[in-house]
Each structure stands twice: as C-alpha cells, then as structure tokens.
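The values are calculated or read from the model by the stated rules, or taken from the named source; none is laboratory data. Everything numeric here is computed off the predicted structure, so don't read it as measured data. A quick note on method: Cβ atoms are made from the backbone with ideal geometry, for glycine too, and the neighbour counts reach across all protein chains shown.
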Amino acid sequence: MAPQTKAYLSVVFICIVWGTTYLAIKVGVQYYPAFLFAGVRQTIAGIVLMVVAYLFNKKTDFSIKNTLRQMLVGFLMLSLGNGCVTWGEKYIPSGIAALICSMMPLFAVLFNLFGSKKEHFNSTIGIGMLLGTCGVGLVFLNDIKELSNISYLWGILAVLFATASWAFGSIINKKNTNPVNPFLNSGMQLFFGGIFMLIASPAIDDYKNLVIWNTNGLLALAYLIVFGSITAYAAYMYALRILPVGIATIYAYINPMVAVLLGYFAMQEPMNLFTILAFGTIVISVYLVNKGYRKQHKTENLNTENINEEAFPENIPIES
C-alpha cells in the first residue's frame, strides 16, 4: 500500500476515533480533575507508545535538540491543546467542544500563511474555511443565552485557545520533522505533554471529593489511552508527515458530527436544526478545503520543473 494511501486511511481513522473521545472526556471529567485526568492519560500513553516504537525500530534520537523539540510540540498540542479541551468540557457539552475544535484547520492555515512563503490562499480554500467557521457559528445561534454563564464562557474560551495551540504545535511539528523514529517522537510528545499537565494539575484542578476508583471514569481513561492517544495520535503524526497540514487536519471538521451524535444519544446533549445545518455546512467546507489544496498543488506541479516534496508529500520517503 502506498504511503499516501496509508496516510488517507489514517485520517479516516482519526475522524472516527477522535470524534468519540469528546464523549469519553466528558465522562472522565465528571469523576476526575481535568488536568490530572488528561495528564495520566497522556503520560501512560506516551510510555506505551515509546516502548512499542522502540521494539519495532531500534533507531533513537535522544539528543538535547530533538528532546527539546518534542517537549515543545507536546506542550503545545497536549498540555495546552488536549489539557484545555479536557478542562473546558467540565463546563460545556462535548458536542460544542468538538464544534469549536473544528476551527483548527483555519488556525493551521493562518499560521502556515504567516510562517511560510510557500503557503498561500486560493479562493476555494478561503470559501471552504469561511463555511467551516459559519458552521460553528450556527451552533451558537441556539446557545447564545448560555454565554452569560461565566463558567460556560470560560469553557468556550479554553477550548478555543486549545484549538489554536494544537494548530500551532502541528505547524511546528511538520516543519521540524525528525525522521529517525517518528513514532518514538510521538510517544515523547505524549509523555512530556502529560508530565507538564501533571505538574500544572495541583495549581489548576480541584481535588475535593476525589475518588480514585470509579468504574465509568477508569473505563473512559482506558479508552482514551488506547484509542484516543496511542493509536489515533500515532496515526495523526503519520498523516501529518505525509499530507499537507490542511488535509491532515480536516478530521477537525468530521469529529463534531461524531461527537454531537454520540453526545445526543449517550448523554442527551442538545441537537437541533442549527446543529443539523452546521453539519451540512461543515461537510461542504471539508470538500472545498480538500479541493483547494489539490488545485494549489496541481498548479505548483505545472509551474515548476522540480516537484516540491512539501506540495507533493507522497514523494517523502518513509523511514522504517
């Protein structure tokens, strides 16, 4: 199977699995402090992924430069990204959190636009992202009254900040790829991201009435470790290495559909006409963003003699 095909299959896997994690997080924060819950999740997942990655590939790079790079990406994507989403879900529905996170490709392309001369907008990408943002806005039309609730508002802001941080971390990770052992690097990111959250937990979390053994909470934690962190995060890092950021991150448009439906059926979270309209708008935006990137790369191929590996990621060799 071609690397690009594997990368697209990884994106499909991410679209489904990470859509379910919003519900699992919502279950978990009902029983455990948010940063403690997320920190334990990512630290354990990081250790497991590093061990598995080493067993399959003995090549390692624990140099100071690479370690600091993975620490930075882990801090941005996991500590700030996943940590703030987990904290935000204490106060807002899981479906709303997922819909806010659907803005992530918008942040990613904006950061790319300002950080690289090779990246540029075209009208198709612009329209697609505008529609994606409008899709998120449709949800708030029915929940505007909730913004007067301070806790609800802080939850919204936390998830929005997390979305921008995850996008920024994705850009840094893609532009500073270390090919020695990519899955080991992913494990390092998870591990360091989790450690930073555990360090921050006593200052942010409330440990009152903490009960360590809770069946529902521990099941949610186990699901998030195995599927949300180890398998899905490794799949995301693989897709990010092979595909352009704008395509690798379109999962953020699909996840809300999965999350809202699960929230509606499993936890009776609200779903209404505005939500359905948002679904349709977001689906169209996914198609347009994908089409826009394909158009951009096709144009670059016609105008240059040497194919740019970033524009045509299928030409990037995959390290064994």
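The set of residues in the stretch 1-38 that are hydroxyl-bearing (S, T, Y) and either under 17 Å from L219 (Cα atoms) or in contact with a strand residue (DSSP E or B) (Cβ under 6 Å, 6 or more places away or on another chain) (or both) comprises T20, T21, Y22, Y31, Y32. Can G187 be described as in contact with a helix residue (DSSP H, G or I) (Cβ under 7 Å, 6 or more places away or on another chain), over 26 Å from L113 (Cβ atoms) and small (G, A, S)? In short, yes.
Of the residues in the stretch 104-122, at least one is at pLDDT 75 or above and not in a helix (DSSP H, G or I).
For the structure I just gave you, tell me whether L147 is over 17 Å from A252 (Cα atoms), at pLDDT below 85 and assigned to a helix (DSSP H, G or I). Taking the combined requirement at face value, the residue satisfies it. When only residues in the stretch 30-54 that are aromatic (F, W, Y) and not in a loop (DSSP other than H, G, I, E, B) count, which is farthest from the chain's Cα centre (by Cα)? So the residue we want is Y54. Inside the stretch 56-85, residues that are over 16 Å from N181 (Cα atoms) and surrounded by fewer than 18 Cβ atoms within 10 Å (Cβ to Cβ) make up a count of 1. If you go through the stretch 192-209 and keep only what is crowded, with 23+ Cβ neighbours inside 10 Å and more than 16 Å from the chain's Cα centre (by Cα), you end up with F192, M197. Residues that are free of Cβ contacts under 8 Å to residues at least 12 places away in the same chain and hydrophobic (A, V, I, L, M, F, W, C) were ranked within the stretch 1-50; the one that is nearest to L184 (Cα to Cα) is L9. Can you tell me which residue is nearest to the chain's Cα centre (by Cα) among those in the stretch 219-278 that are small (G, A, S) and at pLDDT below 85? Per the criteria, the residue is A252. Here A164 passes the criteria (1) touching a Phe, Trp or Tyr at 6+ places or on another chain (Cβ under 6 Å); (2) more than 19 Å from F111 (Cα to Cα); (3) not β-branched (V, I, T) except the one numbered (2).
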